[in-house]
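Working notes, structure below.
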Amino acid sequence: MTTVQDVPDILSPEFARNPYPVYALMRERTPLFWHEATQSYVVARYDDVERVFKDKETQFTTDNYDWQIEPVHGRTILQLSGREHAVRRALVAPAFRGADLRDKFLPVIERNSRELIDAFRDRGEADLVAEYATRFPVNVIADMLGLDKADHARFHRWYTSVIAFLGNLSGDQDVAASGERTRVEFAEYMIPIIRERRSAPGDDLLSALCAAEVDGVRMSDEDIKAFCSLLLAAGGETTDKAIASIFANLLANPDQLAAVREDRSLIERAFAETLRYTPPVHMIMRQSATDVELSTGKLPAGATVTCLIGSANRDGGHYAEPDRFDIFRDDLTTTKAFSAAADHLAFALGRHFCVGALLAKAEVETAVNHLLDAMPDMRLADGHVPVETGVFTRGPSSLPVRFTPNGA
């Protein structure tokens, strides 16, 4: 175990401005340390974060979610283990892969993308964050669930409140209270709709969740509400950040943007590298079930462990030139980048690998294809330098671009 010496705190303004140099110092000097403010052990190197994510339930659990996410979502699939987790995952997973995703929800994704782009394609300018990235995944999720997209502003407010609660490392009481109010408001909104779908199902994800059954187990109204809350927050926030980041990275590397524009099969590589280089989620917590020996020190049983994904994904012991964005790198396996065998850590790994990874992939690939079609000469607005914000989740706060309007 090392102690923090001359390394900016993860709650400091310096860290918030640019965490990547701080991550480098942590990997070198304090790869495992106790952080008093969050009452957690912080893990910074790739091998140790990978170990925490992939180890068996007898060593690391998600018990931390009892206090970290249950106050805003209710009890979710992330908190479950063993057979209970396997059954719940089997109930929800089919909608996010294979034929259901391709045949039922890909048209929803494409329609929502085109509707947003149509609002600015003839204008010659747009902010890809405000006018597209923050709206697209929320609209898709609302459509998938069969909810009214006219409630977009409410959905966005709810998921913003939830993400603020999850990233409330400093313990701000106003942020905590807002998150807890969101749980009540979301339940008041969703439970009547869930009951209505049980009695009159439609051809939507919410109806499918109401009807799903595995080994005689069905989801309760509260189970479905909690999953929808999780989907809205996790799916909205992370895909929002991913779309903004992939364009920020490509616009900062014009040769790679040109390559992707010319060969759209490279979008998959660009997304995988974005997940490594600028992951939407920078921190995920776990709980140690026993004393565990990591490569950099020992964790006691019952400890909260903060895994720094943003640091692990820039670990020079695992990637060549880790601080360089390179869609052609040969130490990132694109073919498995969206599976539990991924060699980046942006979706976590193991049994709690992100169930929505393929949905995110479909959304991002659609977004890049549609935006490049609409804006083939896209460029950053004069003088604009993208600025990332956030600590728990992170991405560009705005991305104003200019382009030749279609038909001009």
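The values are calculated or read from the model by the stated rules, or taken from the named source; none is laboratory data. In this text, all values refer to a predicted model and were calculated from it rather than measured experimentally. Backbone-built Cβ (ideal geometry, glycine too); neighbour counts: all protein chains shown. Accessible surface is based on the protein model in full, side chains and every heavy atom, while ligands, DNA and RNA are left aside. Shrake-Rupley method; radii C 1.70, N 1.55, O 1.52, S 1.80 Å.
Annotations for the structure displayed:
- Loop sites in the range 12-62: GluC sites (Glu not before Pro), DSSP, at most 15 other Cβ within 10 Å: Glu36, Glu57
- If you take the Cα centroid of the range 173-242 and the Cα centroid of the range 267-321, the two points sit 28 Å apart.
- The range 44-182 - percent relative contact order, Cα under 8 Å, separation 6 or more: 20 percent
- Surface composition of the chain: carbon plus sulfur atoms hold 50% of the accessible area, using a 1.4 angstrom probe and ignoring ligands, DNA and RNA.
- Here is the list for the range 310-408: trypsin sites (Lys or Arg not before Pro) lying in DSSP coil, each with at most 15 other C-beta atoms within 10 angstrom of its C-beta, are Arg324.
- Charge sum, other residues only, whose C-beta stays under 14 Å from Ile117's C-beta, Lys/Arg counted +1 and Asp/Glu -1: -4
- Accessible area per residue for the range 105-215, computed on protein heavy atoms with a 1.4 Å probe, is 45 Å².
- When you restrict to C-alpha pairs under 8 Å that are six or more residues apart and normalise by the size of the range 1-51, the relative contact order lands at 32 percent.
- The charge dipole of the range 321-390, taken about its Cα centre with unit charges on the Cβ atoms of Lys, Arg (+1), Asp and Glu (-1) only, comes to about 360 debye.
- As a length-normalised measure over Cα pairs under 8 Å and 6 or more apart, the relative contact order of the chain settles at 26 percent.
- Translational diffusion of the range 251-408, µm² s⁻¹ [Kirkwood Rh, Cα pairs; Stokes-Einstein; 10 °C; 1.306 mPa s]: 90 µm²/s
- About the Cα centre, charge dipole magnitude for the range 44-152 (Lys/Arg +1, Asp/Glu -1 at Cβ), debye: 420 debye
- Accessible area per residue in Å² at 1.4 Å probe, computed on the range 251-370: 33 Å²
- Each Lys and Arg Cβ is given +1 and each Asp and Glu Cβ -1; about its Cα centre, the range 212-302 then shows a dipole of about 280 debye.
- Trypsin sites (Lys or Arg not before Pro) restricted to DSSP loop in the range 67-158 with at most 13 other C-beta within 10 Å: Arg123
- Lysines whose Cα lies under 29 Å from that of Lys361, excluding same-chain neighbours fewer than 8 positions away: Lys54, Lys56, Lys104, Lys149, Lys225, Lys241, Lys336
- Taking every full run of DSSP H in the chain, none both stretches at least 30 Å from end to end by Cα along its long axis and averages -0.5 or higher on the Kyte-Doolittle scale.
- Positive-end ranking of Ala119, Ala252, Leu205 along the dipole of the chain, with charges on Cβ about the Cα centre, is headed by Leu205.
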